[in-house]
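Asker: Have a look at this one before I ask anything.
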Amino acid sequence: MLKPVVAIEYCPKCGWMLRSAYMAQELLSTFTDDLHGVLLQPSETGGTFIIRIDGDVVFDRKESGHFPEIKALKQLVRDVVSPEKDLGHSDKGK
């Protein structure tokens, strides 16, 4: 079975590349055995910050009105790629 790919589409003009890279690092560290990779994708649309798993949107900054906290992002990704995975401290207070 192919492992899923997370894509983080971000607005480079907004200066969100470093935020995207940080989130990619956190996801790759947490889901080392569960993901094929994380793609950082500069957007041509201003204000874009969308996270997709295999093309399906799991988070959109414009819809939510904020950026995801890393804990919440890990929970969103886990729920799709490895629902049985224990996230340890990131699952506390869920």
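Asker: Could you list all residues from segment 1-15 that are over 14 Å from residue 27 (Cβ atoms), in a loop (DSSP other than H, G, I, E, B) and of a type outside the set (Lys, Arg)?
Answerer: Once the filter is applied, which keeps residues that are over 14 Å from residue 27 (Cβ atoms), in a loop (DSSP other than H, G, I, E, B) and of a type outside the set (Lys, Arg), segment 1-15 yields 1, 2, 11, 12, 14, 15.
Asker: Could I ask something else about it? Can you find a residue that is of a type in the set (S, T, N, Q), over 21 Å from residue 4 (Cα atoms), at pLDDT 95 or above and buried (at least 17 other Cβ atoms within 10 Å of the Cβ) anywhere in segment 60-72?
Answerer: No, the conditions are met nowhere in segment 60-72.
Asker: Check whether at least one residue in segment 1-17 is touching a Pro at 6+ places or on another chain (Cβ under 9 Å) and of a type in the set (Asp, Glu), and report yes or no.
Answerer: Scanning segment 1-17 turns up at least one residue that is touching a Pro at 6+ places or on another chain (Cβ under 9 Å) and of a type in the set (Asp, Glu).
Asker: Separate question: State whether one or more residues within segment 74-81 are within 23 Å of residue 33 (Cβ to Cβ), touching a helix residue (DSSP H, G or I) at 6+ places or on another chain (Cβ under 9 Å), basic (Lys, Arg) and at pLDDT 95 or above.
Answerer: Among the residues of segment 74-81, at least one is within 23 Å of residue 33 (Cβ to Cβ), touching a helix residue (DSSP H, G or I) at 6+ places or on another chain (Cβ under 9 Å), basic (Lys, Arg) and at pLDDT 95 or above, which makes the answer yes.
The values are calculated or read from the model by the stated rules, or taken from the named source; none is laboratory data. Because the structure is predicted, anything quoted here is derived from the model rather than measured. When we count neighbours, we look across all protein chains shown, and the Cβ atoms used for this are built from the backbone with ideal geometry, even at glycine.
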